[in-house]
Amino acid sequence: MTQYLNTLFVTREGSWLGKSGETVEVRLNGEVLLRVPLHNLDGILCLGWDISASSHLMAACAESGVTLSFCNPHGRFLAAVSGFTPGNVLLRREQYRRADRIDAALLIARQFILAKMANARSSLQRALRDRPNGLGNDHIQDAVKRLKQSIGSAERTEDRESLIGIEGDVAAVYFGAFSHMLTTEDPTLVLNGRNRRPPRDPVNALLS
């Protein structure tokens with residue numbers, strides 16, 4: 001059975017996180033605001049300049065595999081706590097060797113990018129199936145065709161720069177059709193181009 005765990009978000013400035021028994025305890029000015037069992041968590045994300053954690057909690061998170069991350073109030077990553085990471089030195093050496101070989105690196109990068117393109121195309125096709133009479137279906141169908149062509153180009157290319165260019169074109173096509181997949185009539189929920197760090201509209205904020 002797959003167990004889906006939770007992420008604890010801490011956003012209140014001045015909060016202090018500690019370990020109490022087998023729970024994470026969030027305090028503010030000496031008052032306990034929240035207690036959460038550590039084994040129910042997959043991660044803890046602190047968003048703020050004045051949020052701290054005890055060394056006991058950091059050690060417990062590292063031992064339990066719970067990611068404890070610190071970001072600024074806008075979500076920019078600052079630091080994270082991680083424990084011992086087991087590894088195979090022979091595997092690491094081979095990874096470094098392949099990273100230095102253009103042909104091996106291109107082969108790996110191509111698989112990642114092909115998977116991204118296939119997922120993007122599947123999302124567009126799902127939107128067509130869910131709304132066969134949608135107003136923007138012509139734009140979505142055109143995007144599906146263009147992504148199919150791009151997947152073929154990516155499979156054939158032997159050049160890293162060309163692969164990067166294909167990936168960029170696919171992103172432009174996908175996000176160009178993204179608004180036509182939205183079913184809401186809310187005028188604020190429209191995607192007029194992808195932007196981030198920070199996102200400048202509600203849809204980009206959701207995507208990020």
Selection from region 50-65 of residues in contact with a Leu (Cβ under 9 Å, 6 or more places away or on another chain), open to solvent by 30 Å² or more (accessible area, probe 1.4 Å) and closer than 17 Å to W16 by Cα yields S52, M58
Looking across region 27-47 at residues that are under 20 Å from V66 (Cα atoms) and charged (D, E, K, R), the single one that is surrounded by the most Cβ atoms within 10 Å (Cβ to Cβ) is R27
Output for Cβ contacts, cut-off 9 Å, separation at least six or different chains, first residue farther than 30 Å from S208 by Cβ in region 73-94, second acidic (D, E) and open to solvent by 100 Å² or more (accessible area, probe 1.4 Å), reads F84/E63
Counting only residues that are at pLDDT 85 or above and surrounded by fewer than 11 Cβ atoms within 10 Å (Cβ to Cβ), region 160-208 contains a total of 2
*asked:* On the basis of being in contact with a helix residue (DSSP H, G or I) (Cβ under 6 Å, 6 or more places away or on another chain) and assigned to a helix (DSSP H, G or I), does A154 make the cut?
replied: yes
Inside region 127-141, the number of residues satisfying the requirement of being surrounded by 11 or more Cβ atoms within 10 Å (Cβ to Cβ) and either modelled with pLDDT of 90 or more or among the hydrophobic types (A, V, I, L, M, F, W, C) (or both) is 3
The one condition L68 fails out of (1) open to solvent by 30 Å² or more (accessible area, probe 1.4 Å); (2) not in a helix (DSSP H, G or I) is (1)
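The values are calculated or read from the model by the stated rules, or taken from the named source; none is laboratory data. This is a predicted model, so every value here is computed, not measured. Quick reminder, even Gly has a Cβ in these numbers, built from the backbone with ideal geometry, and neighbours come from all protein chains shown. We work out accessible area using only protein heavy atoms, side chains counted, and drop any ligands, DNA or RNA first. Shrake-Rupley method; radii C 1.70, N 1.55, O 1.52, S 1.80 Å.
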